[in-house]
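Working notes, beginning with the structure itself.
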Amino acid sequence: MSQVEERTARALLRRLAVEQSESRVPSIVAAIVRDGEPVWFGARGQAGGAAPTADTQYRLGSITKSMVAVVVMRLRDEGLLDLLDPVGGHVPGTPFDGVTIAQLLSHTGGLTAEPPTDWWERTPGLGAEELFARIGPSEAKHRPGRTLHYSNVGYALLGRLIAKHRGTGWYEALRHEVLEPLGMTRTTPRPLAPHATGYAVHPWADAVLEEPEHDHGAMGPAGQLWSSAADLGRWAAFLCGETGGVLSPQTLAEMGEVAVVADGDTWVSGFGLGLQMARIEGRRLTGHGGSMPGFLSGVWAQAGAGTGVLFLANTTSGVRFQLLNELLDILDEHEPRLPQEWRPVAADPALLALTGLWHWGPTPFHLRLQPDGKLLLTAVANSSRGSRFVPQADGTWLGLDGYYAGETLRVGADHLDLNTFILTREPYQPGTPIPGGIAGEWHA
């Protein structure tokens, strides 16, 4: 599987070996993908009496949630629901009927973190009817939308929503709509050989204890799945944008927009729609972590770089959070990406004529034509009011991001009308339709 140079592979394997040894992990596997393809795989320790391979299954834990979220987004894209819909309009009868689907996806619905059952991760699960019959008003812990409060129960409710719309179980919908199209044939709700056994490692001795594993019933969408490094590599490629027709690039990008942060103004972690976000040493990462008794996992995608990284381990605790970022550090140090070659692109003369300097009142902006045919508006200095614009069938341009996301740009004979703001070639250019008029001339 390895496509990195031998020196790089050795450095990556050494970092993984240090993690397995110092954190006392029975077995651990890790992989890196670039541009949709696996470029490195490493393994340390033993699973079932042998070295684990890229096909050895481990428990994913909460990475399951991201996959469930993709099915919900597919329902949205099909017009079967809106993210602002109260979930009670689709699966009524819980104390959370007024919580929106978007709030469930982003853990901002205020729901309790864990169900009112025995420790659900270590016991057989209940069916949906029995589980939600136990959930009362006291399981609403915060006002919806107020704060990030991670909720496994929220994803149980989303699994019920999927079953309602698809007429089948959440996993069957996920398998048919996401896993099979992506080639993830080793991602299943229960373990298939070869698979690792989950262990707890004694905190004060080098001894292990086998952890239980069950079908978690209605709580399954919160963390049921098992997978392999090969399959999770395909998922990492998906998060990097290799969507295989499962989602549109626009919907995947929407999932990766920050909905809520976990740590204040200078945030380093937060959530989008089913995806975790992290900012680590200049990297913007999207993915999810996972834990279940006996297992830890993580997958990050650096979408702008087309790079994904993952690990799977059969231990209840111990793997250090910085492992995945340090693997990316090693890759970037040893084999940094080359910038894409610049090549000239044919340009529409009418669009070329639009490029150059424009002014919003006295504030200068540059308008550039992008290789993909979009227009990029950026301030010359000291303004955040920029955006990319994509052409529309009616001759207007739609803002894609920044201040003008969703707003309309109209091109006039000698001016630009950006949602009522008039941009001119000269500051407050006479003879252009500037609302409020121009009082006199520039003077001292």
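In what order do 330, 101 fall by count of nearby beta-carbon atoms within 10 Å, going from fewest to most?
330, 101
If the reach is capped at under 24 angstrom between alpha carbons, list the lysines near residue 141, excluding any in the same chain fewer than eight residues apart.
Within the straight-line cut-off, residue 141 pairs with 65.
Can you tell me the length gained on complete extension of the stretch residue 354 to residue 113, counting 0.36 nm per residue apart and subtracting the Cα distance?
Numbers: separation 241, 0.36 × 241 = 86.76 nm, distance 5.30 nm.
The residue 354-residue 113 span can extend by a further 81.5 nm.
For segment 349-424, just say rounded, prolate or oblate: build the C-alpha gyration tensor, square-root its eigenvalues into a ≥ b ≥ c, call rounded for a/c under 1.5, and beyond that prolate if a/b exceeds b/c, oblate if not. Please list the in-between numbers first.
Working: a/c = 1.30, a/b = 1.21, b/c = 1.08.
In terms of gyration-tensor shape, rounded.
Counting other C-beta atoms within 10 Å, which of 403, 171 has the fewest, and how do the rest follow?
Values: 403 14, 171 24.
Ordered from fewest to most neighbouring Cβ atoms within 10 Å, 403, 171 come out as 403, 171.
With a 10 Å Cβ neighbour count serving as the proxy for reagent exposure, in which order, fewest first, do 231, 348 appear?
348, 231
To make sure I understand the rule: partners must be lysines, Cα under 17 Å from the Cα of residue 374, and not fewer than 8 residues away in the same chain. Which ones qualify?
none
What is the distance in Å between the Cα centroid of segment 357-424 and that of segment 52-106?
So the separation of the two Cα centres works out to 36 Å.
Residues in segment 339-373 near a label at residue 419, defined as backbone nitrogen under 19 Å from the 7 Å Cα→Cβ point?
Under cut-off, by backbone N: 359-368.
Quick one: Karplus J couplings for segment 32-47, per residue in order, coefficients 6.51, -1.76, 1.60, θ = phi - 60°, nearest Hz, x for Gly and Pro?
10, 10, 9, 6, x, 10, x, 10, 7, 9, x, 8, 9, x, 10, 10
Below 19 Å, Cα to Cα, which aspartates and glutamates can residue 164 reach? Residues fewer than 8 away in the same chain don't count.
Those aspartates and glutamates meeting the cut-off are 77, 78, 82, 85, 97, 129, 130, 172, 177.
Calculate for the chain the 222 nm mean residue ellipticity that helices alone would give, adding -39,500 (n - 2.57) per DSSP H run of length 4 or more and normalising by residue count, nearest 500 deg cm²/dmol. Provide the component values of the computation, followed by the final result.
Details: 10 runs with 97 residues, N = 444.
Calculated from helices alone, the mean residue ellipticity at 222 nm is -6500 deg cm²/dmol.
Over the alpha-carbon set of segment 59-124, work out the extent along each principal axis and list the three values in angstrom, largest first.
Extents along the principal axes, in whole Å: 37, 28, 20.
With each pseudo-label sitting 7 Å past Cα toward Cβ, what's the residue 305-residue 317 distance in nm, one decimal?
Spacing of the two 7 Å Cα→Cβ label points: 3.1 nm.
What FRET efficiency would be calculated for the residue pair residue 248, residue 209, taking the C-beta separation as r and a Förster radius of 56 Å, to the nearest 0.05? All intermediate terms of the calculation are to be shown ahead of the outcome.
Values: r = 46 Å, r/R0 = 0.82.
Rounded to the nearest 0.05, the efficiency is 0.75.
Each reported figure results from applying straightforward, stated rules to the coordinates on display, with no laboratory input. Here the structure is a predicted model, which is why all the values come from computation and not from measurement. A quick note on method: Cβ atoms are made from the backbone with ideal geometry, for glycine too, and the neighbour counts reach across all protein chains shown.
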